[in-house]
Amino acid sequence: MSVHTLPLPKAGCAEPDIIRERGQHEVFCGLTGIVWLHRKIQDAFFLVVGSRTCAHLLQSAAGVMIFAEPRFGTAVMEERDLAGMADANEELDKVVARLLDRRPDIKMLFLVGSCPSEVIKLDLSRAAERLSRHYSPEVRVLNYTGSGIETTFTEGEDRCLAALVPELTDATSEAPELLVVGALADVVEDQFARLFAEIGIERVSFLPPRNSRALPPVGPNTRFLLAQPFLGETARCLTERGARHIPAPFPLGAEGTTAWLGAAARAFGADPMAFRHATAAAEARAKRALQPFRDEMAGKTIFFMPDSQLEVPLARMLSRELGMEPIEVGTPYLHRAHLAEELKLLGSDVQLSEGQDVERQLDRVRAARPDVTVCGLGLANPLEADGLTTKWSIELIFTPIQGYDQASDLAGLFARPFDRKTRLRV
Amino acid sequence: MQLTVWTYEGPPHVGAMRVATAMTDVHYVLHAPQGDTYADLLFTMIERREKRPPVTYTTFKARDLGSDTAALFKSTLESAHERFKPAAMLVGASCTGELIQDDPAGLAKAANLPCPVIPLELPSYQRKENWGAGETFYQIVRHLAAREGVEPVAGKPQGRVPRCNILGATALGFRHRDDVMEITKLLKENGIEVAVVAPLGASAADIARLPDADFNVLLYPEIGEQAARWLKRTYGQDYTTTVPIGVGATREFVAEVRRLAGLDALPDRSDAGRLPWFSRSVDSTYLTGKRVFVFGDATHAVAAARVATEEFGFELVGLGTYSREQARAVREAAQAHGLTALITDDYLDVEQAIAEAEPELVLGTQMERHIAKRLGIGCAVISAPVHVQDYPARYSPQMGFEGANVLWDSWVHPLVMGLEEHLLGMFREDFEFSDTAKPSHLGPGQRVSEAPAAEPALRPLAEEGPIRIWSADAEAELKKIPFFVRGKARKNTERFAAERGLAEITLETLYDAKAHFAR
Ligand code: SF4
């Protein structure tokens, strides 16, 4: 394994050393995003064009808990598709025909590329165009890649949302509109919608919408706020449509949520009094709810293995609002621009790492023996067996953690392993 | 291309991982993209292993393609060897690795490592997990147990205790660990020594010792048979053909191993666990003729069909497997019961077959558990793939006499108990006996409704026959029949009415049909 540890040239004292490694990456691929996206967009189906491995990944990541007919599936390529004995496009058309026949409730179909489909250069964008022509207007067919050679874990959502951007209609109104980008739990979305209304931002929409027919419009009057830190490509596409990004930290914790809402409020010239009025009580409630966790967690050390790209905002929230001490904050990809506000808050003395060599990183974990290690599912039990406490990063994606009223739930996710340790006498 | 939602088997390299993880000192280097590392969680989460699988993935990316993926493979191999110092290494590719054709075997050879390196060719677009496990184990045995100029061992030396190996158990197997313990005990009781268990718990050196045993006990043919055949061909070691699941099969297994070990046959053995007596106890009369549907890997499905009919007195109404490679044995067993075997790896087909067979008990995998839950039918798990709850903390083998005790407990548990069944039938109007109530011994709770409203089924509607009109009193009477036989009663009555061209089903029709179908 070729390992390069390249400290960046220091730009003043604000630029921390970053560990950059290239070795085994122990991170899911972007297909995983389907597990939450297929629940979020209620009339969309995600068809992976891939291998048995891709189908097995989805099944393993989803668990069989959500066994009710999922709105995803895999068109598994077989020897005959690769050997040219069957025309892959014809085969795909057949699979899609069968699927749409069975599921007339589907209004949007995503063809999701995988490593095998990319390596054999199966052109899914052409396939999507062809199928879209055939099935419109009943069904829109789009495509994006969730392959492991192009995307890690949450980047699948980024690619999916980016694929939606060309579908958005041109915004016609003169008035500025706010677009909140990134899949959020429905309950969180509703809370934010109420808060924006109270702040005085009237025109607010969310991407992705809950229904494919409710795509928000976009245009030069659109200002967008990222709800998730992993949306680099989507942000780029929105910018191309004339929309402007509102730089902000992410809505994790009381402080993060206020700063996030505040950035939008300022961008829309909202009345500061209205802003305080809308947020002060909720912020105070969130802080009160966090206090007992702070008493418990302050001073505890935490190590982030790279996984969801939520690591930097999480580290910021846990250090500033609960007093935890990050030892290393690893992320698969450090989006400097989108994380600029977060990095300012996090401070420059925190060790960041980007990319991964899982063996070397585990050596560092074992040497540091942090109080909590945030990691993927494959690593958690082996670390627990070594006597370390872990938190599964995937839980942070599957649980509503954004906003004021979820701040203590977020803290609770980190506190629970300690609670458990103090109870157990075995 | 095949549309797949849930799969019974993973890709073949996951089978190879099951073998590597089962062993103590081999390491597997897999040419694969980062997402494929998900497979680690199968072992650390589902099986709750305390160690990561001994697998290093190259995790190549798009930008590596065409430039230096081969170099990446080579450096990954070298550094994995350096770090883990395994006694032997496996090298191969996942589905994507296979497409980029970097030739891991050739690269590994060129790396010239100071340990045996075993190349694996596992065609991802043709084969699946069990085949991958079998092939991997075979390659390991061929590479590590090969000896120069050794004559086949014919017969053991006089005076030595007979000795066998146990083949086929892997990581992530359904009860493999406990089966191995139980069978080891059984062999010991019969005066047979177990030399090597492989791959589960074996080292590379243990594999090299395989030829020293007198014969092989093959517990999981899906995984161990290819290796067992090679050992027979090469060293003249016989292997067992009976899989000891159930009392009858365990008795036959004991007879077989005693014959292979050159021991006298035992007189009829009375110590066969509790199943024979429990099944003969009067309390168990209610099990007679319970309709059971069996689906799983071939070995477990065939065994369960036999045990269900011969040892529980159930009626087999369906039998199938997801394993096409082993379909023949399942077809034969099904035929013996007058059934057509269901050979499919599409769980929607299985769901439809179960719904049509209207069983009272399903013996299957985790997929069938979910299907049964949706249909409101009891279910016990008898075969991989299984979920975390099927790796129990307690000792619970499937094989041997203790295994038969476990089968008894776990198959009877989901059923409605004898007298309770009568009371349900007699007092249908008792509100606590509502259809949604679970059997009382399964605790409070509700049956899952048959069709989740928000999720239309991903399958064409079953063909609708001409719908007969039910009179109100017949419909009401039908509701008095317990839910677990009501579907059958409804169908039989409708068939009866259709055959006679009756336009309406009255109370009379219902009881005429009942009399007609009573045996
Ligand atoms: S990494 Fe590639 S091959 Fe593996 S599951 Fe993801 S998309 Fe499929």
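Picking from B:S396, B:S383, which residue would you name as being assigned to a loop (DSSP other than H, G, I, E, B) and under 16 Å from B:H413 (Cα atoms)?
Details: B:S383 fails: under 16 Å from B:H413 (Cα atoms).
Exactly one of B:S396, B:S383 is assigned to a loop (DSSP other than H, G, I, E, B) and under 16 Å from B:H413 (Cα atoms), namely B:S396.
Out of everything in region A:60-75 that is modelled with pLDDT of 90 or more and not small (G, A, S), what residue ends up being farthest from the ligand (Cβ to nearest atom)?
The initial filter retains those residues of region A:60-75 that are modelled with pLDDT of 90 or more, namely A:71-75.
Restricting the remaining residues to those that are not small (G, A, S) gives A:71-72, A:74.
Details: A:R71: 18, A:F72: 13, A:T74: 9 Å.
Filtering region A:60-75 for residues that are modelled with pLDDT of 90 or more and not small (G, A, S), the one farthest from the ligand (Cβ to nearest atom) comes out as A:R71.
Let me confirm something: among B:A16, B:A22, which residue is more than 7 Å from chain A (Cβ to nearest Cβ), surrounded by 24 or more Cβ atoms within 10 Å (Cβ to Cβ) and away from the ligand (no atom under 16 Å from the Cβ)? Spell out the reasoning first.
Numbers: B:A16 fails: away from the ligand (no atom under 16 Å from the Cβ).
Within the list B:A16, B:A22, the selection yields B:A22.
Using the structure shown, decide if A:K391 is in contact with a Cys (Cβ under 9 Å, 6 or more places away or on another chain) and surrounded by fewer than 21 Cβ atoms within 10 Å (Cβ to Cβ).
Working: in contact with a Cys (Cβ under 9 Å, 6 or more places away or on another chain): yes; surrounded by fewer than 21 Cβ atoms within 10 Å (Cβ to Cβ): yes.
Yes.
Can you find a residue in region A:160-181 that is within 14 Å of chain B (Cβ to nearest Cβ), within 16 Å of the ligand (Cβ to nearest atom) and not in a strand (DSSP E or B)?
Our first condition is that a residue be within 14 Å of chain B (Cβ to nearest Cβ); within region A:160-181, this holds for none.
No, there is no match, as no residue in region A:160-181 is within 14 Å of chain B (Cβ to nearest Cβ), within 16 Å of the ligand (Cβ to nearest atom) and not in a strand (DSSP E or B).
Could you list all residues from region A:76-120 that are in a strand (DSSP E or B) and within 16 Å of the ligand (Cβ to nearest atom)?
Here is the first cut: in region A:76-120, the residues in a strand (DSSP E or B) are A:76, A:108-113.
A:V76, A:F110, A:L111, A:V112, A:G113, listed by residue number.
In region A:129-159, what count of residues is obtained for those that are in a loop (DSSP other than H, G, I, E, B) and within 14 Å of the ligand (Cβ to nearest atom)?
Here is the first cut: in region A:129-159, the residues in a loop (DSSP other than H, G, I, E, B) are A:136-139, A:146-151, A:153-154.
With the extra rule that they be within 14 Å of the ligand (Cβ to nearest atom), the set shrinks to A:146-151, A:153-154.
The total comes to 8.
Quick one: which of B:P116, B:P123 is within 16 Å of the ligand (Cβ to nearest atom) and touching a residue at least 40 places away in the same chain (Cβ under 8 Å)? So that I can check it myself, show each step before the final result.
Working: B:P116 fails: within 16 Å of the ligand (Cβ to nearest atom).
It is B:P123.
Taking region A:24-51 as the region of interest, how many residues are touching a Gly at 6+ places or on another chain (Cβ under 9 Å) and near the ligand (Cβ under 9 Å from one of its atoms)?
Matching residues across region A:24-51 total 7.
Can you work out which of the residues in region B:32-47 that are facing another protein chain (nearest Cβ under 7 Å) and among the charged types (D, E, K, R) is farthest from the ligand (Cβ to nearest atom)?
Taking region B:32-47 first, the residues facing another protein chain (nearest Cβ under 7 Å) are B:33-38, B:40-42, B:44-45.
Remaining after also requiring among the charged types (D, E, K, R): B:36, B:40.
Values: B:D36: 4, B:D40: 13 Å.
Taking the candidates together, the pick is B:D40.
Answer yes or no as to whether A:G33 is over 18 Å from A:K121 (Cα atoms) and either more than 8 Å from chain B (Cβ to nearest Cβ) or basic (K, R) (or both).
Working: over 18 Å from A:K121 (Cα atoms): yes; either more than 8 Å from chain B (Cβ to nearest Cβ) or basic (K, R) (or both): yes.
Against the criterion (over 18 Å from A:K121 (Cα atoms) and either more than 8 Å from chain B (Cβ to nearest Cβ) or basic (K, R) (or both)), A:G33 qualifies.
Scanning region B:51-70 for residues that are away from the ligand (no atom under 16 Å from the Cβ) and at the interface with chain A (Cβ under 8 Å from one of its Cβ atoms), which turns out surrounded by the most Cβ atoms within 10 Å (Cβ to Cβ)?
Here the answer is B:R52.
Only one of A:A367, A:A385, A:A337 is out of contact with any Phe, Trp or Tyr (no Cβ under 6 Å at 6 or more places or on another chain), small (G, A, S) and modelled with pLDDT under 95. Can you tell me which?
Working: A:A367 fails: modelled with pLDDT under 95; A:A385 fails: modelled with pLDDT under 95.
None of the others qualify; the one that does is A:A337.
A quick yes/no check of all residues on (1) surrounded by fewer than 24 Cβ atoms within 10 Å (Cβ to Cβ); (2) more than 7 Å from every other protein chain (Cβ to nearest Cβ); (3) under 22 Å from A:Y333 (Cα atoms):
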position: A:V27; (1), (2), (3): no, no, yes
position: A:F46; (1), (2), (3): no, yes, no
position: A:V49; (1), (2), (3): no, yes, no
position: A:S60; (1), (2), (3): yes, no, no
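Tell me, yes or no, whether region B:83-93 has at least one residue that is more than 9 Å from chain A (Cβ to nearest Cβ) and within 16 Å of the ligand (Cβ to nearest atom).
Within region B:83-93 (the criterion being more than 9 Å from chain A (Cβ to nearest Cβ) and within 16 Å of the ligand (Cβ to nearest atom)), the answer is yes, since at least one residue qualifies.
The values are calculated or read from the model by the stated rules, or taken from the named source; none is laboratory data. These numbers were taken from a predicted model, which means no experiment stands behind them. Reconstructed Cβ throughout: ideal geometry from the backbone, glycine too, with neighbour counts over all protein chains shown.
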